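See below for the structure under consideration.
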Amino acid sequence: MNRYETVFILNPVLSETQIKEAVQKFGDYLTSKGAEMNHKENWGLKKLAYPIQKKKSGFYHLFEFTAPGDIIAPFELEFRRDDSVMRYLTVKLDKHAAAWADKRKERVKSSKK
């Protein structure tokens, strides 16, 4: 089991309900395939560095999860099939990136209090 981080950008014209449904769909897909969700973050609406599909902004979301490596390709296929996803990136965390991710989670938790 490896640790992964996935960041994906959703289309800015989606309603709040559609965004929640899309995030829930991808989270449910991971857990149904045996992944353990470690952390989720909603980064909100952000300006893009360059236009994607003639859009200048998008809703960013982050998933951090532990999963076997063979579910990553089918998971990314789900992103490609969904028209609401503009971009996505999944990376495997090494020990240094995992330590940094743990620090980021602690910082997010302390800022919410």
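In the stretch 18-61, what residues are among the acidic types (Asp, Glu) and in contact with a Ser or Thr (Cβ under 6 Å, 6 or more places away or on another chain)?
Selection gives Glu36 alone.
Spot the failing condition for Arg3; the list is (1) more than 24 Å from Lys103 (Cβ to Cβ); (2) open to solvent by 40 Å² or more (accessible area, probe 1.4 Å); (3) in contact (Cβ under 8 Å) with a residue 40 or more places away in the chain; (4) not polar (S, T, N, Q), and only one is missed.
Unmet condition: (1).
For the stretch 6-25, which positions are surrounded by 19 or more Cβ atoms within 10 Å (Cβ to Cβ) and under 17 Å from Ile71 (Cβ atoms)?
If the condition is that a residue be surrounded by 19 or more Cβ atoms within 10 Å (Cβ to Cβ) and under 17 Å from Ile71 (Cβ atoms), then Thr6, Phe8 are the ones that fit.
Rundown of residues vs (1) basic (Lys, Arg); (2) open to solvent by less than 100 Å² (accessible area, probe 1.4 Å); (3) without any contact (Cβ under 8 Å) to a residue 24 or more places away in the chain, yes/no style:
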residue: Glu36; (1), (2), (3): no, no, no
residue: His39; (1), (2), (3): no, yes, no
residue: Leu45; (1), (2), (3): no, no, no
residue: Glu64; (1), (2), (3): no, yes, no
residue: Ala73; (1), (2), (3): no, yes, yes
residue: Leu89; (1), (2), (3): no, no, no
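Conditions tested, residue by residue: (1) without any contact (Cβ under 8 Å) to a residue 12 or more places away in the chain; (2) closer than 20 Å to Pro12 by Cβ.
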{"site": "Tyr50", "(1), (2)": "yes, yes"}
{"site": "Leu77", "(1), (2)": "yes, no"}
{"site": "Ala97", "(1), (2)": "no, no"}
{"site": "Arg104", "(1), (2)": "yes, no"}
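Just wondering, is there one or more residues in the stretch 38-55 that are touching a Lys or Arg at 6+ places or on another chain (Cβ under 7 Å) and of a type in the set (A, V, I, L, M)?
Scanning the stretch 38-55 turns up at least one residue that is touching a Lys or Arg at 6+ places or on another chain (Cβ under 7 Å) and of a type in the set (A, V, I, L, M).
Among the residues of the stretch 99-113, is any open to solvent by 100 Å² or more (accessible area, probe 1.4 Å), within 16 Å of the chain's Cα centre (by Cα) and among the hydrophobic types (A, V, I, L, M, F, W, C)?
Scanning the stretch 99-113 turns up no residue that is open to solvent by 100 Å² or more (accessible area, probe 1.4 Å), within 16 Å of the chain's Cα centre (by Cα) and among the hydrophobic types (A, V, I, L, M, F, W, C).
Could you check how many residues of the stretch 37-61 are within 19 Å of Arg104 (Cβ to Cβ) and at pLDDT below 95?
8
Identify, from the list Glu64, Glu106, Glu41, the residue that is within 15 Å of Ala22 (Cα to Cα) and of a type outside the set (A, V, I, L, M, F, W, C).
The match here is Glu41.
The values are calculated or read from the model by the stated rules, or taken from the named source; none is laboratory data. Computed from a prediction, not measured in an experiment: that's the story for all the values here. Because the Cβ atoms are built from the backbone with ideal geometry, glycine has one as well, and the counts that use them run over all protein chains shown. Keep in mind that these areas ignore ligands, DNA and RNA; they rest on the heavy atoms of the full protein, side chains included. Shrake-Rupley method; radii C 1.70, N 1.55, O 1.52, S 1.80 Å.
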